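Below is one structure, written out as structure tokens; the observations come after it.
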Amino acid sequence: MQHSESKELIAALKGIVEESDNIVFFGGAGVSTESGIPDFRSVDGLYNQKYKYPLEVMVSHSFYINHTEEFFDFYKNKMIALDAKPNAAHLKLAKLEKQGKVKAVVTQNIDGLHYTAGSKEVMELHGSIHRNYCEKCGKFYPVEYVVKSDKVPKCECGGTVKPDVVLYEEGLDYEIMQKTVSYISKADVMIIGGTSLAVYPAAGFIDYFRGRHLVVINMDPTSREVDADIVIRERIGEVFDQI
């Protein structure tokens, strides 16, 4: 049940969205939890489950290189959710882009749900489960190939098929970073949703915002102070359903 303060804040956000045609959305794991994808940092998220190795280790580049089979076992079981469907937030963002209001979606998620929902200009800072390449010859493979493969997915040339996701110890894609900075620095409105702003360098991109309205939608307080006009502590899908 939303209390009156939340309703007023959502109404204010609706007014801002109606007035603007230059919005950038910056989202994290909380955008996808309502689609049934667990986040990493919540109480029942992946960080609080017990594994043989710390989670940061299991999704690191060196673990991928040195324990490839164990990496793929974890990756296929815990990081791919092909049954997940876009929720109200994904769908509304795609609709607002079609209306010429949202210029870009910047996401830390790798699930591809913004594209599935119909968004076109999506900056996937941490890559996507849907893109997989042979490290030897560069041949592209869909996510289904990785899921169905026995242990380590191999290309017909013998090379390992690596998911195009950014692991710990790996850098972000330079072109995507440049485009993200460009969109955020030119935006009139930025909506930050479903992220604790704890993961760098991704969280640092919000510092480029110079526009009029900064809005944060997140159930928990963010791990860094941002100078937001509006802070809404509600589920992001429910908020987007009302704007």
| Within segment 137-157, whose backbone N sits under 18 Å from a point 7 Å along Cα→Cβ of Thr68? | 137-142, 145-157
| request: Could you sort out which of Lys14/Lys95; Lys85/Lys148; Lys76/Lys186 sit more than 26 Å apart by Cα distance in this structure? | output: Lys76/Lys186
| task | Assuming R0 = 25 Å, can you tell me the calculated FRET efficiency for the pair Glu5 and Lys95, based on Cβ-Cβ distance, to the nearest 0.05? | result | 0.40
| Stokes-Einstein D for the chain at 10 °C, 1.306 mPa s, Kirkwood Rh over Cα pairs, in µm²/s? | 85
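Can you tell me the accessible area per residue over the chain, all protein chains present, probe 1.4 angstrom, in square angstrom?
Numbers: 12150 Å² over 243 residues.
I get 50 Å² per residue for this part.
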| task | For Ser182 and Lys154, compute 0.36 nm times the residue count separating them, minus their Cα-Cα distance, and round to one decimal in nm. | result | 6.4 nm
| Taking 0.36 nm per residue of separation and subtracting the Cα-Cα distance, what length does fully extending Tyr174 through Asp229 add? | 16.7 nm
| remark: Here, GluC sites (Glu not before Pro) of segment 133-213 satisfying both criteria (DSSP loop; at most 15 other Cβ within 10 Å) are Glu135, Glu156, Glu169, Glu170
| note | In the chain, helical segments from DSSP H whose Cα atoms cover 20 Å or more along their own axis and that average at least 0.0 on the Kyte-Doolittle scale are 4-19
| task | Quick one: compute a quarter of the convex hull surface over the Cα atoms of segment 143-198 and quote it in nm². | result | 6.7
| said: Which of rounded, prolate or oblate describes segment 180-232 when judged by the alpha-carbon gyration tensor and an a/c cut-off of 1.5? | reply: oblate
| field | Label-to-label distance, nm, for residues given as Glu56 and Asp220 (7 Å Cα→Cβ offset) | value | 1.6
| said: Per DSSP helix of 4 or more residues, -39500 (n - 2.57); summed, then divided by the residues of the chain. What does that give at 222 nm, rounded to the nearest 500? | reply: -8500 deg cm²/dmol
| request: Pick out, in residue order, every one of the trypsin sites (Lys or Arg not before Pro) in segment 73-180 that is DSSP loop and has at most 12 other C-beta atoms within 10 Å; say none if there are none. | output: Lys120, Lys151
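The values are calculated or read from the model by the stated rules, or taken from the named source; none is laboratory data. This is a predicted model, so every value here is computed, not measured. Neighbour counts run over all protein chains shown; Cβ positions are idealised from the backbone, glycine included. These accessible areas exclude ligands, DNA and RNA; they are computed on the full protein's heavy atoms, side chains included. Shrake-Rupley method; radii C 1.70, N 1.55, O 1.52, S 1.80 Å.
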